[in-house]
Amino acid sequence: MISSLRGKLIFKKNHEVILESYGVGYQIFVSKKLSESLSSINDEYFIFTHLDVKENSMQLYGFCDEKEKEIFKMLLSVSGIGPKIAHTIVANLTFDEILSFISDKSYSSRIRIPGIGAKKLELISMSLKDKVFKIDKDTGKGAFDVPDEISGDNIRYEALNALINLGYPRSDAEKLIREALKKDNTKINSTEELIRKALDVIS
């Protein structure tokens, strides 16, 4: 499995590049953010990659960091979403924009991605809205890891639902909980305490 590459950029067009590493040119389909950062031909770059292997082909997809790679893999887990559609999404939206359209239905209705209709976006949102809640925007890993003894999952989801019922958009509620847990996760022992600490974030 090719999980990353370092090499010289020798070709770039739209969201496709060729990176030369040890004399081999690798064709890579890249994300929006990565495409914007690959600015100079013949400069050296490091790229996180995902290799998609089919019976008659292999294709590399490139990302600027682990969190983009993680969201790409999550998109692939949705029924009917293959690498080409997943790449179209990451090629047109940033990581934060993808999180927003998955977690906030009102935001997803404003998204326009070539070749991907509203029904497919809604399917993605429905399939991933609970999974995406666990992604850390900084690392791409689990954002809400708290000690097992406090039954983290139940506390998190109960607190999330409570904040939504208080009128917070889902994306804002997720952010508040994420910040509360990062700030003081070892001292959170109940749903009520997590809600209070999440509200303290905005005070």
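The values are calculated or read from the model by the stated rules, or taken from the named source; none is laboratory data. Since we're looking at a predicted model, the values are computed, not measured. Cβ atoms come from the backbone with ideal geometry, glycine included; neighbour counts cover every protein chain shown.
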- Message: I'm checking my understanding of the structure. Among residues of region 1-45 that are buried (at least 18 other Cβ atoms within 10 Å of the Cβ) and among the polar types (S, T, N, Q), which one is farthest from Ile85 (Cα to Cα)?
- Response: Ser35
- Kindly list, by first and then second residue, each pair from a residue in region 170-182 that is outside the structural domain of Tyr107 (by TED's automatic domain parsing) to a residue that is among the acidic types (Asp, Glu), limited to pairs with Cβ atoms under 6 Å and residues at least 6 apart or on different chains. Arg170/Asp104; Ser171/Asp104
- Please state which of the following conditions Lys175 fails to meet, knowing it meets all the rest: (1) over 23 Å from Tyr107 (Cα atoms); (2) modelled with pLDDT of 80 or more. (1)
- Message: Suppose we filter region 51-71 for residues that are within 10 Å of Val30 (Cα to Cα) and within 14 Å of the chain's Cα centre (by Cα); how many remain?
- Response: 3
